[in-house]
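J.: This structure is in structure tokens; I'll ask about it shortly.
No value in this document is a laboratory result; all are computed from the given coordinates. The structure displayed is predicted, hence computed values, not measured ones. Ideal geometry is used to build each Cβ from the backbone, glycine not excepted, and the neighbour counts take in all protein chains shown.
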Amino acid sequence: MSYMISPSLMCMNLIEIKSQLDVLNTRADFLHIDIMDGHYVKNITLSPFFIEQIRPHTNLKIDVHLMVEEPSDFIDAVAKAGADYICPHAETINRDAFRIINQIRSHGKKVGVVLNPATPVEYIRHYIHHLDKITVMTVDPGYAGQPFIPEMLDKVNELKTLKAEQGYKYLIEIDGSCNTKTFHDLLGAGAEVMIVGTSGLFSLDDDLTVAWDKMTANIQQAQVAA
């Protein structure tokens, strides 16, 4: 069972950003960057300027999660800064989803969409075939360290089934509490990309190389169990 790993950079040690990027550059599949506006969620994290600063120091795909009320206000800046995937919340774009998708595509970027725990897959039915990635939030958005919502496994499985039946090409990504307690269930349900943060990676050891090896061992154990 294959999987990809996307470390959440809001959880890394920013004092050690260069050395930690060096570790991730040889191990990760994506770099996950959260942009929050303090309105859609009550938190403010990274920015297009942060993307611009790290872009010259990595060849990994930069995946940007827009937790903002007006995604169209950020898309051009994020694309120019060097994002590869741009992923707004379905709840913020459904009044103009096709215009937003076209705006992202006009920059040559991949299109993702993020579903909050209470948002059903049906909500994106009319444009699901245009998506390169669908992110299932397994916690309510805005803060790291929240408890996993097990009901989301059904949503992951639903997306897996739809993808197989309809021939869709989107990646199924999980955001929230991806760690040793959930790897088994997530992989079994159909997760293809797991965003790892504090509990899944960065808190496992002060040395990120050691932490990565511990995380990998945890996932391998989960794969055997799955």
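J.: Take peptides 217-224, 5-12, 106-113, 184-191 and line them up by average Cβ neighbours within 10 Å, highest first, as a rough protection proxy.
T.: Values: 217-224: 15.1, 5-12: 23.4, 106-113: 17.8, 184-191: 20.8.
Ranked from most to least packed, the peptides come out as 5-12, 184-191, 106-113, 217-224.
J.: Now for a separate question. So for each of 91-98, 133-140 I average, over its residues, the number of other beta carbons within 10 Å; can you give me the resulting order with the highest mean first? Don't skip to the answer; put the middle values down first.
T.: Numbers: 91-98: 15.4, 133-140: 22.9.
Descending mean neighbour count gives 133-140, 91-98.
J.: Related question: Work out the charge dipole of segment 4-225 with +1 on the Cβ of Lys and Arg and -1 on the Cβ of Asp and Glu about the Cα centre, then indicate which of Ile172, Met12, Ile195 is farthest towards its positive end.
T.: Ile172
J.: In whole Å, what is the distance between the alpha-carbon centres of segment 176-226 and segment 22-77?
T.: Segment 176-226 and segment 22-77 have Cα centres spaced 21 Å from each other.
J.: Sticking with this one: Give the shape of the chain as rounded, prolate or oblate, defined through the alpha-carbon gyration tensor: a ≥ b ≥ c are the square roots of its eigenvalues, a/c under 1.5 means rounded, and otherwise the shape is prolate if a/b is larger than b/c and oblate if not.
T.: Working: a/c = 1.60, a/b = 1.11, b/c = 1.45.
Oblate, because a/c is 1.5 or more while a/b does not exceed b/c.
J.: Rounded to the nearest 500, what is the chain's calculated 222 nm mean residue ellipticity when only DSSP H runs of at least 4 contribute -39500 (n - 2.57) each, over all residues? Intermediate results must be reported in sequence, preceding the final value.
T.: Numbers: 8 runs with 80 residues, N = 226.
After summing the helix terms and dividing by residue count, I get -10500 deg cm²/dmol.
J.: Continuing with this model, one more query. So for segment 148-226, what are the equivalent ellipsoid semi-axes in whole Å, largest first, each being the square root of 5 times an eigenvalue of the Cα gyration tensor? Present the calculation step by step, with values, prior to reporting the outcome.
T.: Details: eigenvalues 127, 27, 26 Å².
The three semi-axes for segment 148-226 are 25, 12, 11 Å.
J.: Tell me which DSSP H helices of the chain clear both cut-offs, 18 Å or more of axial length from alpha-carbon atoms and a mean Kyte-Doolittle hydropathy of at least 0.0. Write down the numbers at each step before the final one.
T.: Working: long enough: 152-166 (21 Å, -0.71); 208-225 (25 Å, 0.12).
Sorted by number, the helices that extend far enough and score high enough are 208-225.
J.: Projected onto the charge dipole of segment 4-225 (+1 at Lys/Arg Cβ, -1 at Asp/Glu Cβ, origin at the Cα centre), which of His130, Asn43, Val78 gives the Cα projection farthest towards the positive end?
T.: The listed residue farthest towards the positive side: His130.
J.: Measuring from the lowest to the highest alpha carbon on each principal axis, how far does segment 107-190 reach, largest first, in angstroms?
T.: Its Cα atoms span 32, 28, 21 Å along the three principal axes.
J.: Of all the Cα-Cα pairs you can form in segment 32-148, what percent are over 23 Å apart? Write down the numbers at each step before the final one.
T.: Details: 1646 of 6786 pairs.
I get 24 percent for the Cα pairs in segment 32-148 exceeding 23 Å.
J.: OK, next. What's the magnitude of the charge dipole for the chain around its Cα centre, counting Lys and Arg as +1 and Asp and Glu as -1 at the beta-carbon? Answer in Debye, nearest 20.
T.: Numbers: 19 positive and 29 negative charges, 110 e Å.
For the chain, the charge dipole is close to 520 debye.
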